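One structure is given below, encoded as structure tokens.
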Amino acid sequence: MMKLKTALMMGSLMAAFSVSAFADDAEDLRIIAAAGKNAVTVAQAAKSADETAVSVTGTIVREVKHEHYILKDKSGTITVDIDHKLASPAQLKPGTKVRVYGEVDTHRAKPTDIDAVKVDIL
């Protein structure tokens, strides 16, 4: 009986984590699809509303802190939060041209940035 309870509990936990992971994947896919239809400049992204899906093409200037990079195009610069699962620091060296798909993230006390869900190294 104890083994059955343990097995049921483990199965429930696995199902819960699987659904959560799938929901994140589905949300990322929604953002990528919307961002692909909304290619903007850095300046346009910086003025966009919170959670607007955008794609921005530019050049990595530098890493400012862990997983945060300055991205530059002809209109200006913006900070992009790029998780190490999307691209490694070795791939995101200064001068690397990238296309970032993500959501605009506005803040009260710091400048607007982009939370990346996909990165293409160009």
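Derivation of every value follows stated rules applied to the coordinates shown; laboratory data play no part. What you see is a predicted model, and the numbers here were worked out from it, not measured in a lab. Cβ atoms come from the backbone with ideal geometry, glycine included; neighbour counts cover every protein chain shown.
Remark: the range 98-112, residue by residue, has Karplus-estimated 3J(HN,Hα) of 9, 10, 10, 10, x, 10, 5, 10, 8, 9, 7, 10, 9, x, 4 Hz, where x stands for each Gly or Pro and the curve is 6.51 cos²θ - 1.76 cosθ + 1.60 at θ = phi - 60°.
For the range 26-122, compute Rh as the Kirkwood radius over C-alpha pairs and then the Stokes-Einstein diffusion coefficient at 10 °C and 1.306 mPa s; write the answer in µm²/s, rounded to an integer. Walk me through the intermediate numbers first.
Numbers: Rh = 12.9 Å.
Reported coefficient: 123 µm²/s.
Can you give the local net charge around residue 72? Use residues other than it whose beta-carbon is closer than 13 angstrom to its beta-carbon, Lys and Arg +1, Asp and Glu -1. Please list the in-between numbers first.
Details: positive: 62, 74, 97; negative: 73.
My count for the surroundings of residue 72 gives +2.
Within the set of other residues whose C-beta is less than 10 Å from the C-beta of residue 100, count the net charge using Lys and Arg as +1 and Asp and Glu as -1. Charge balance in the 10 Å sphere: -1.
Just rank 40, 61, fewest to most, by other beta-carbon atoms within 10 angstrom. Spell out each step's value before the answer.
Values: 40 19, 61 15.
The fewest-first ordering by Cβ neighbours comes to 61, 40.
Backbone amide hydrogens, once placed in the peptide plane, bring residue 118 within less than 5 Å of 101, excluding anything fewer than 5 places away on its chain.
For the range 25-113, GluC sites (Glu not before Pro) meeting the loop criterion (DSSP other than H, G, I, E, B) and having at most 11 other Cβ atoms within 10 Å: 51.
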